[in-house]
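Everything below concerns the one structure shown next.
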Amino acid sequence: MQDQPTKQHLLEVGLRLFRADGYTATGLNEILAEAKTPKGSFYHYFATKEAFAQDVLELYVQQELRRAATLLAGDRQPLKRLRRYFEDLIQIFGPASPTPGCLLGKLSLELAPNTPALQSQLHAAFAEWQGAIAAVLREAIHRHDLSGATKPDPLAAFLINSYEGALLRSTADRSTAALDTFLYYALDVLLK
């Protein structure tokens, strides 16, 4: 299909701008100027900016689930893979990144309270992410790297919640200190 590259390009530009500036601060004219695309092309693919945000979020989630699948898989010990995964996330989304912050976190703060469709999509994205981490924790339990009494789903939720909070704090502080603390307590103390 000839038009699909235009839609994909708009989504990639939207992803970049939403990650950098957030949803509200990114205007449609800014998206169109950055994409070098006319307004009619935008509305050919997306009925509203909110519908566009839903597709941008889906693109982001799919990219991040692919990253998780790649980094969380393998022959290494499960907890070492988990550490490598969170270290990678910190490098990509931490304060030293050209565009710090996680789009799931940004959109959750900005849109979830007032946008039911996006709230539902964010909820599903966090659940998928939690499931990927819980699978690694189950492997660690099976290998006896973690106690058999460990509850992988709540633990995975705790790890994501702690990481997201540390990422938010690190952005505010412009420092990796909160993320370093997260890695230490989550992976060196809790999952030791």
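Convex hull over the Cα atoms of the chain, averaged projected area in nm²?
Mean projected area of the Cα convex hull: 12.0 nm².
So how many Lys-Lys pairs in the chain land under 21 Å Cα to Cα, not counting same-chain pairs under 8 apart?
Lysine pairs, 8 or more places apart or on different chains, close enough: 9.
How do 41-51, 8-18 rank on mean C-beta neighbours within 10 Å, highest first?
Per-residue mean Cβ counts within 10 Å order the peptides as 8-18, 41-51.
Where the centre of each part is set by its Cα atoms, how far does segment 35-111 sit from segment 4-31, in angstrom?
Segment 35-111 and segment 4-31 have Cα centres separated by 13 Å.
Laboratory data are not the source of any read-out in this text; all were calculated from the coordinates shown. Note that the coordinates shown come from a computational prediction; the quantities given were computed from them, not determined experimentally. Don't worry about glycine lacking a Cβ; one is built from the backbone with ideal geometry, like all the others, and counts go over all protein chains shown.
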